Amino acid sequence: MAPNIPKKIKKRDGRVVDFNIDRIAIAIYKAMEASGQPNRKIAKELAEGVVEALIKKHKRITDFVPTIEEIQDFAEEALIERGYA
């Protein structure tokens with residue numbers, strides 16, 4: 001992953017908390033479970049892809065703070081692309 005990984009994330013209630021890629025992987029895994037096809041390795045790969053997409057989107061901004069909604073959109077897109085609709 002690129003060095004510009006976010007350090008913080010903005011939650012729906014407006015709080016800004018520490019960024020944790022594992023939380024993204026867990027959310028993706030839960031979505032995969034709901035589709036009947038859970039796979040922790042793929043969930044981790046998709047979470048890394050979400051972070052890469054965030055970095056690419058904000059490449060000109062240092063210390064950007066993504067929102068939960070933004071992360072969720074990228075995660076949904078990644079799941080759909082891999083057939084986990």
### Task
Consider only pairs whose beta carbons are under 6 Å apart and that are at least six residues apart or on different chains; among these, list those whose first residue lies in region 33-55 and is within 15 Å of residue 72 (Cα to Cα) and whose second residue is open to solvent by less than 70 Å² (accessible area, probe 1.4 Å) and polar (S, T, N, Q).
55/4
### Task
Inspect region 45-54 for any residue being open to solvent by less than 40 Å² (accessible area, probe 1.4 Å) and more than 10 Å from the chain's Cα centre (by Cα) and give the result as yes or no.
no
### Message
Suppose the filter is at positive phi and either free of Cβ contacts under 8 Å to residues at least 24 places away in the same chain or not β-branched (Val, Ile, Thr) (or both); does residue 14 pass it?
### Response
yes
### Task
Could you check how many residues of region 55-85 are of a type outside the set (Ser, Thr, Tyr), open to solvent by 30 Å² or more (accessible area, probe 1.4 Å), outside any helix (DSSP H, G or I) and in contact with a Lys or Arg (Cβ under 9 Å, 6 or more places away or on another chain)?
2
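Looking only at region 3-41, filter to residues that are β-branched (Val, Ile, Thr) and part of a strand (DSSP E or B); which one of those is most open to solvent (accessible area, probe 1.4 Å)?
Of everything passing the filter in region 3-41, 16 is most open to solvent (accessible area, probe 1.4 Å).
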### region 55-85: number of residues that are among the aliphatic types (A, V, I, L, M) and more than 10 Å from the chain's Cα centre (by Cα)
6
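The values are calculated or read from the model by the stated rules, or taken from the named source; none is laboratory data. These numbers were taken from a predicted model, which means no experiment stands behind them. Positions of Cβ are generated from backbone atoms using ideal geometry, with glycine treated the same way; all protein chains shown enter the neighbour counts. The protein model used for the area step is the full one, side chains on, heavy atoms only, and it has no ligands, DNA or RNA in it. Shrake-Rupley method; radii C 1.70, N 1.55, O 1.52, S 1.80 Å.
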